[in-house]
Structure formats: C-alpha cells, structure tokens
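Asks: Before I ask anything, let me first share the structure, which is written out below as structure tokens.
The values are calculated or read from the model by the stated rules, or taken from the named source; none is laboratory data. The model shown is predicted, which means the values in this text are computed figures rather than measured ones. Note that we place each Cβ from the backbone using ideal geometry, even for glycine, and neighbour counts take in every protein chain shown.
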Amino acid sequence: MGQGMGAIHLSEVRCSGHEPSLWKCPHKNITAEDCSHVQDAGVRCNLPYTGLETKIRISGGRSRYEGRVEVQIGRPGSLRWGLICGDDWGTLEAMVACRQLGLGYANHGLQETWYWDSGNITEVVMSGVRCIGTELSLDQCAHHGAHIACKRTETRFTAGVICSETASDLLLHSALVQETAYIEDRPLHMLYCAAEENCLARSARSANWPYGHRRLLRFSSQIHNLGRADFRPKAGRHSWVWHECHGHYHSMDIFTHYDILTPNGTKVAEGHKASFCLEDTECQEDVSKRYECANFGEQGITVGCWDLYRHDIDCQWIDITDVKPGNYILQVVINPNFEVAESDFTNNAMKCNCKYDGHRIWVHNCHIGDAFSEEANKRFERYPGQTSNQIV
C-alpha cells in the first residue's frame, strides 16, 4: 500500500480488540529514531454483507467493469429495473456506484452512454443524484425520489461508469507548505502572463499597469501519489491547451485551488494552479520515474513518486494585496473539481493557521483535513485592537 507521510504518533500498539480507539490500546509514544515510514501499519477492512449489490447492475459495456448503470426500485412483487438520469452525474456518484457493485473504484462517471447497447431497459427511475462519495449505495445519496426530472430525457443521456480495481491517491506534503511560505511584492510589469491566466485578484484589472506591484503569498507544493494506480490527466495530449505567454501546455485547467479564509470560512483571497507540467520530480528509492514533460512528453504522477511545484514559478501563489491584517486559514485543495478519479478525496484538502500583520506572514499548524475543530478556531490569537477578520 506504499509508505505514509508526516508525523508518526504510535508504536508497539497492543490491542485486546474491544477498545473504542487505537489511542486506548497500550502503546509506546515514539521519538523520531524509533520508527520510519517503511514500518507504517496498514489495514484491509471487510464490510459485512448488506445485499446492496443486488440492487444495482451495469450493462452494455465491453467488460464487467463498465456500462450503463441500472438500479432496482419498487417493493417485493413489483420490483423493476431502470436507468439513472445523467444530469450532473460525475466522479463522486461513480465512486459510490462502483463501491455498491463491488468493483473497486471509479475511473470515470459518464453522462452519455449512447455508445453502449441499451438492451431492453429504457425507463429512467432515478434523477438528481448527488453523492458525497463515501456512501455505500446510491440510495444513500441525495436524489429526487419518486419525482423524476431530467434535463435531457433520451436514454443516450443516462448515467454510466467505468470502474477499476485500483486508483490513485494524491496527498500534499503539508510541512513543506509551512516551511516555504513567504510574501513577495512583485512588480506589475513581471505579471502580464500571470494576469492572462487569471492568477491575480480582480482588483489587479484596475491597477495602473505596468506600475506598482501585487503582494503575493508564495509557497511550494509537493504532491505525492500514495495510491495504487498512476495519476493521469483526464484529457489526452491531443486536447491539451497551449498557453503562448508562458510557453507551455495545460493538461488540467484547474489542478489545485488556493484560498485564504477567515476563521468562520469566508473566502477573502484565492488562487489556482493549472497543471502545466504534471511529472515525476522525485520517487521513492525502489520506484522509477515514468512521466516527464520535456518534448511534449506524457504527463502524470507514478505511484510512489511526487510532483513539485516550486514557490518561485508563476501562479504558485495567492494574491493577498487586498487582504487586511488578521488571523486566517490557508487552504490548499488538490484536484478540487474531482476531474480525475482517486480512491480517497477526503485527504485532498490541507489547512493551516495563518497570521498576517500587514508586512509579514506566519503559516503554522498545517495539516491534512477538511476543517479545523471549533477548539482550534478558538485558539486563534488576535492583534491588539483587532475585533474581527472582516474584510471591508
């Protein structure tokens, strides 16, 4: 399953099997010398039989891992199979469908399935399906219920999936963000290409170009693939977009989102990074690099390798010119639009405490996860005279 990242908290864990948490088991609090990531513990879980896989099937595909999704509805004595409306169907919904089918992970969620044999099932029995991605069945996702409402009613626009036994899993090296964060006042005459790619705040449009500067929060991003399949762009090379100003192709328009949030979650500044070069910068000792951007090469991140976006390249920043001094949250989200399937999206977000005094910035407590706890938010320090983080 590969090696983990970050701090190691426990060693020599000895459970009886009845404890509510691993922390309740006898264990040793370790030092850096006691354990390495080569010894990371892993688990393979088994869900009890629920029968959920009997209420879903796929048909028409080239293999048992792909096809048009069909679900069973009704009560005993009046059960029938039907199709799912393809409106808004995507990777998260496909993740749940593949899980319910017992076919592993989603590779693609398809909104059109005209190229697969429709068979004799033509009735659409489910619409408006919206999943978080962790549900065990499509029934547990939000949907329209008995009221079917499709924007496109033909059977060619019904939902389909391509499943896979393996999937990639991206994880950001949070400690590196914390170690490399700094502020730069960059002259406007050096930001024309960045402006073309919408990497600056809206107020930059009304700036007195080429005079003046923008204040940028810069940091490095090191993104590891800890999954069991290579991370590849959804689009093939034939559809990559050429950007003349920077002189490179984009294989994914939005690969990473960067945000500055107030403690209550209000966004006050944002940035984004396109994947202009998705490649294996470095790998673990026993892994060879497979992807390199030079000479229009194939892009991706091999299992056991990582891609490094250095702090000194264009758009590897958040434009904080309009942000007032205060306490904030720095948030980085990889693959934010779920454009490429992964085995786990819950570890794609990183958040840090962020303290800005108008001249310097202190980024600390960076960690992987969706949100800070209430207790962590309460511990934010305030500057003398500061009553809120509201941006005017």
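Asks: Within the range 277-379, considering only strands (runs of 3 or more DSSP E) that don't extend past its boundaries, which have at least 3 residues that are surrounded by 16 or more Cβ atoms within 10 Å (Cβ to Cβ), in contact with a helix residue (DSSP H, G or I) (Cβ under 9 Å, 6 or more places away or on another chain) and small (Gly, Ala, Ser)?
Replies: none
Asks: Would you call Trp242 hydrophobic (A, V, I, L, M, F, W, C), surrounded by fewer than 21 Cβ atoms within 10 Å (Cβ to Cβ) and either outside any strand (DSSP E or B) or in contact with a Gly (Cβ under 9 Å, 6 or more places away or on another chain) (or both)?
Replies: no
Asks: Could you please give the count of residues in the range 112-157 that are within 29 Å of the chain's Cα centre (by Cα) and of a type in the set (S, T, N, Q)?
Replies: Final tally of qualifying residues: 5.
Asks: Continuing with the same structure: Go through the range 1-14 and give me each residue that's within 33 Å of the chain's Cα centre (by Cα) and modelled with pLDDT of 80 or more. Before the answer, list the steps.
Replies: Taking the range 1-14 and keeping what is within 33 Å of the chain's Cα centre (by Cα), we get 1-13.
Of everything in the range 1-14, those that are within 33 Å of the chain's Cα centre (by Cα) and modelled with pLDDT of 80 or more turn out to be Ile8, His9, Leu10, Ser11, Glu12, Val13.
Asks: Related question: Collect the residues in the range 341-392 that are at pLDDT 90 or above and hydroxyl-bearing (Ser, Thr, Tyr), keeping them in residue-number order.
Replies: Ser343, Tyr356
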